[in-house]
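The values are calculated or read from the model by the stated rules, or taken from the named source; none is laboratory data. Quick caveat, the model's predicted, so the values are computed rather than measured. Virtual Cβ from ideal backbone geometry, glycine too; neighbours counted across all protein chains shown. These area figures cover heavy atoms from the full protein model, side chains too; ligands, DNA and RNA do not enter into them. Shrake-Rupley method; radii C 1.70, N 1.55, O 1.52, S 1.80 Å.
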Amino acid sequence: MIRGMLLTAQALVAVTAIAGGLVMAIGSWPGVDKSVLPPEIQLPVEYLDGSPFSSYLVPGLLLALIVGGSHTVAFVLLLRRRGLASMAAATAGYSILVWIFVQMALIPFSALQAAYFGAGLAEVGLLLLLLGVISPEPAGGVPGSLGPLGPIGDRKAAVGSPHDRQNHSA
């Protein structure tokens, strides 16, 4: 179930980042008739004031290639259960978080920023659950539990986790 939720989040971000990035890039291309694009998806050029960009071409390509591309790679690797799936999922999750941080520093706030920031947090959280670093089970009253971020019951701490290091340092 957790894997399916992570795959869904990755697919959603991949498709929308690629589509949004391409719309931004194509809409910025010299000679393209912007009146063809619906007004709802035309971004004001004033948003770029104070940024290093004079058009949406480069940001659009970055969004499509880096954010959309990393999410596509992570989705395919996780779907095929490849060894690098965890690393790709972490990279993809953090790529959208960094994208939103930078975006919020440069342009006015939008509800989409909050939604995609939430998607990035969900991706990272689902990955941590999938890897067993955190547990969805409450820690209260379970013998041997170390708390909400540690192993529950008879589960062992993830290798390299703070709880694992505590066991080795004692």
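Here is how the numbers come out for the structure above:
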| item | result |
| --- | --- |
| Residue match in the range 52-63 (condition: in a helix (DSSP H, G or I) and of a type in the set (S, T, N, Q)) | no |
| Residues within the range 75-107 that are farther than 21 Å from LEU48 by Cα, free of Cβ contacts under 8 Å to residues at least 40 places away in the same chain and either part of a helix (DSSP H, G or I) or hydrophobic (A, V, I, L, M, F, W, C) (or both), tallied | 10 |
| The range 101-128: number of residues that are farther than 19 Å from PRO44 by Cα and over 8 Å from the mean Cα position of the chain (by Cα) | 8 |
| Among residues of the range 62-111, those that are hydroxyl-bearing (Ser, Thr, Tyr) and open to solvent by less than 40 Å² (accessible area, probe 1.4 Å), counted | 2 |
| Given (1) farther than 19 Å from LEU130 by Cα; (2) open to solvent by 80 Å² or more (accessible area, probe 1.4 Å); (3) touching a Leu at 6+ places or on another chain (Cβ under 7 Å), index of the condition SER51 fails | (2) |
| Test: residue in the range 81-100 that is within 14 Å of LEU6 (Cα to Cα) and over 15 Å from the mean Cα position of the chain (by Cα) | yes |
| Residue within the range 31-41 that is among the small types (Gly, Ala, Ser) and either open to solvent by less than 40 Å² (accessible area, probe 1.4 Å) or under 26 Å from LEU127 (Cβ atoms) (or both) present | no |
| Qualifying positions in the range 108-139 - modelled with pLDDT under 85 and not in a loop (DSSP other than H, G, I, E, B) | none |
